[in-house]
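Student: Dumping the structure here so I can ask a few things about it.
The values are calculated or read from the model by the stated rules, or taken from the named source; none is laboratory data. Just so it is clear, the structure is predicted and the values come from calculations on it, not from any experiment. Don't worry about glycine lacking a Cβ; one is built from the backbone with ideal geometry, like all the others, and counts go over all protein chains shown.
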Amino acid sequence: MSSKHSAPLATFGDSPGKQQEASQLLRTNLVGAVHGYIAAAALMQAQPGRGGHVFFVDGRGGDGSATPLTALYGCSKAGVQQLYRTLVAESASQPKLAVHTVQPGMMITPLLVDKETAIPRRHIKVDPVCVCVCAGCGVRGAVRSQSGGSQALF
């Protein structure tokens with residue numbers, strides 16, 4: 001996510017540059033997930049054998065919680081979660097296709113460390129340094145839903 005998105009959405013105004021950045025973020029996180037799934041599903045169903053697995057990347061806001069200063073990012077990740085839940089239900093009739101999410105945890109990016117555009121610490125629920133160091137330790141949990149999908153937390 002670009003550091004240019006770490007501001008209240010109401011302050012974006014009618015700037016064409018801001019609108020283009022917003023569209024790019026939504027295209028990357030949500031539309032990209034849709035297109036990736038469509039391409040992967042077609043390949044997996046056409047190949048001989050067992051098929052395969054599609055993994056969506058979850059993030060802040062994916063659980064439906066508020067994401068102050070990063071409304072567009074949170075909105076896109078909530079959309080990915082809705083897409084995931086729908087595709088899990090749809091894939092029940094597709095034996096060659098399994099759908100999952102992974103939640104790698106917070107990553108240190110310019111958005112978090114740039115002094116001028118950083119998200120205020122009060123909006124960050126965990127220590128980003130700890131999460132990034134611990135992410136290398138492996139999966140800290142996996143949840144399998146009743147309908148066949150799973151979520152991996154790092």
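Student: Among the residues of segment 54-67, which ones are over 14 Å from N29 (Cβ atoms) and surrounded by 14 or more Cβ atoms within 10 Å (Cβ to Cβ)? Let's see the steps before the verdict.
Tutor: Of segment 54-67, the ones over 14 Å from N29 (Cβ atoms) are 54-55, 63-66.
Within segment 54-67, V54, F55 qualify.
Student: Looking at Q47 and the list (1) in contact with a helix residue (DSSP H, G or I) (Cβ under 6 Å, 6 or more places away or on another chain); (2) modelled with pLDDT of 85 or more; (3) over 23 Å from G105 (Cα atoms), which single condition is not satisfied?
Tutor: Result: Q47 fails condition (1) only.
Student: Which members of segment 62-80 meet the condition of being assigned to a loop (DSSP other than H, G, I, E, B) and closer than 20 Å to G36 by Cα?
Tutor: Correct list: G62 only.
Student: Among the residues of segment 68-99, how many are in contact (Cβ under 8 Å) with a residue 40 or more places away in the chain and over 12 Å from the mean Cα position of the chain (by Cα)?
Tutor: 16
Student: Would you confirm whether or not segment 12-20 contains a residue that is touching an Asp or Glu at 6+ places or on another chain (Cβ under 8 Å) and either of a type outside the set (D, E, K, R) or part of a loop (DSSP other than H, G, I, E, B) (or both)? Walk me through how you get there before you give the answer.
Tutor: Narrowing segment 12-20 to residues touching an Asp or Glu at 6+ places or on another chain (Cβ under 8 Å): none.
Scanning segment 12-20 turns up no residue that is touching an Asp or Glu at 6+ places or on another chain (Cβ under 8 Å) and either of a type outside the set (D, E, K, R) or part of a loop (DSSP other than H, G, I, E, B) (or both).
Student: Among the candidates R50, R85, single out the residue that is more than 17 Å from Q103 (Cβ to Cβ), surrounded by fewer than 17 Cβ atoms within 10 Å (Cβ to Cβ) and among the charged types (D, E, K, R).
Tutor: R50
Student: List pairs: first in segment 28-55 and assigned to a strand (DSSP E or B), second of a type in the set (A, V, I, L, M), Cβ under 6 Å, 6+ apart or cross-chain?
Tutor: Short answer, once both residue conditions are applied: G52/M44; H53/A98; V54/A40; V54/V99; F55/V102.
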